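Novice: Quick one: the structure is below, questions incoming.
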């Protein structure tokens, strides 16, 4: 399992944290994205669920007509968290500084075996990170710091991610914005990990580091083409196998909470909604958000089995005949 398999689930929380500046590598050329979407409806509500990629290259075109139509129609838009406010950025930095470091004298190189410690030094050098700044970190902080810097070095930017762009537009259009979680809650998934689990995350990262570039490229392309089976295999299957406790906490528990919140909105309100959350939460088996809502009795239809007829004109989603 590579670090990329976790990244799309947690990157938004860390997008507020500072990264070390480095000239980004050239990004690959890509066609217009067609990310996976689902339509959830009942008698008086119509919600579209979009699986997002939290970080994207500047200028990458993911705005299909279907996405634009669904977003334009929505009165209410859901996101995982609000990560771009000054308060959120301050919170992220504060948590990283107060809870992201070991006690004085305790270092990662002292926790890891010799080969792992050398791998950490090598990776820090590759990323342009000062090893002296990483070595005192708790394993979860180091894991996330390496992740953030890696994708930035690939030319990706959280400021151009799907969630960030749609959140800004939702504010500008005066939409009703809702968040499933707070930044503190999302960061707590890491700050409260058992010591052996957070150490395991770092060890897995170091072990699979040489696969990072190819794995991230493959995952990004799968998201852009709406390949839900590949996303589930690379994100969820691997997490279930290598770190089941993390999978339960990052995916299952959160999906259950989100599905319950959407269920309440669908039952008690009417109108159109739009849900933009990491793609890993919308794919897979019984614990994906679409599957959980289907189990509650809602019509759940993947995009491709319905279309936006005349979307460019009236922005009304209609089921295909």
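Novice: Quick check on my filter: what residues within region 168-194 are farther than 28 Å from residue 60 by Cβ, out of contact with any helix residue (DSSP H, G or I) (no Cβ under 8 Å at 6 or more places or on another chain) and assigned to a helix (DSSP H, G or I)?
Specialist: Correct list: 185, 188.
Novice: Can I ask one more? Report whether or not residue 204 is closer than 29 Å to residue 286 by Cα and outside any helix (DSSP H, G or I).
Specialist: No: the conditions fail for residue 204.
Novice: Please find, among 165, 95, the residue that is without any contact (Cβ under 8 Å) to a residue 40 or more places away in the chain and either crowded, with 20+ Cβ neighbours inside 10 Å or in a helix (DSSP H, G or I) (or both).
Specialist: 165
Novice: Ok, one more. Among the residues of region 228-238 satisfying the criterion of being over 14 Å from the mean Cα position of the chain (by Cα) and buried (at least 19 other Cβ atoms within 10 Å of the Cβ), which is farthest from residue 190 (Cα to Cα)? Even if it seems obvious, please write down each step before you answer.
Specialist: Going residue by residue through region 228-238, those that are over 14 Å from the mean Cα position of the chain (by Cα) are 228-230, 233, 237-238.
With buried (at least 19 other Cβ atoms within 10 Å of the Cβ) added as a condition, the list becomes 228, 238.
On the way: 228: 26, 238: 19 Å.
Among residues in region 228-238 that are over 14 Å from the mean Cα position of the chain (by Cα) and buried (at least 19 other Cβ atoms within 10 Å of the Cβ), the one farthest from residue 190 (Cα to Cα) is 228.
Novice: What number of residues in region 243-260 are surrounded by 16 or more Cβ atoms within 10 Å (Cβ to Cβ) and either farther than 21 Å from residue 180 by Cα or touching a residue at least 12 places away in the same chain (Cβ under 8 Å) (or both)?
Specialist: 10
Novice: Then there is this: Return the residues of region 98-110 that are in a helix (DSSP H, G or I), in contact (Cβ under 8 Å) with a residue 24 or more places away in the chain and surrounded by fewer than 17 Cβ atoms within 10 Å (Cβ to Cβ); say none if nothing qualifies.
Specialist: 99, 109 - these are the residues of region 98-110 that are in a helix (DSSP H, G or I), in contact (Cβ under 8 Å) with a residue 24 or more places away in the chain and surrounded by fewer than 17 Cβ atoms within 10 Å (Cβ to Cβ).
Novice: How many residues are touching a residue at least 24 places away in the same chain (Cβ under 8 Å), outside any helix (DSSP H, G or I) and within 18 Å of residue 159 (Cβ to Cβ) if we restrict to region 78-92?
Specialist: 6
Computed from the coordinates by the stated procedures, all read-outs in this text should not be read as laboratory data. Everything quoted here is computed from the prediction, not taken from an experiment. Cβ sites come from the backbone with ideal geometry, for glycine too, and all protein chains shown count toward neighbours.
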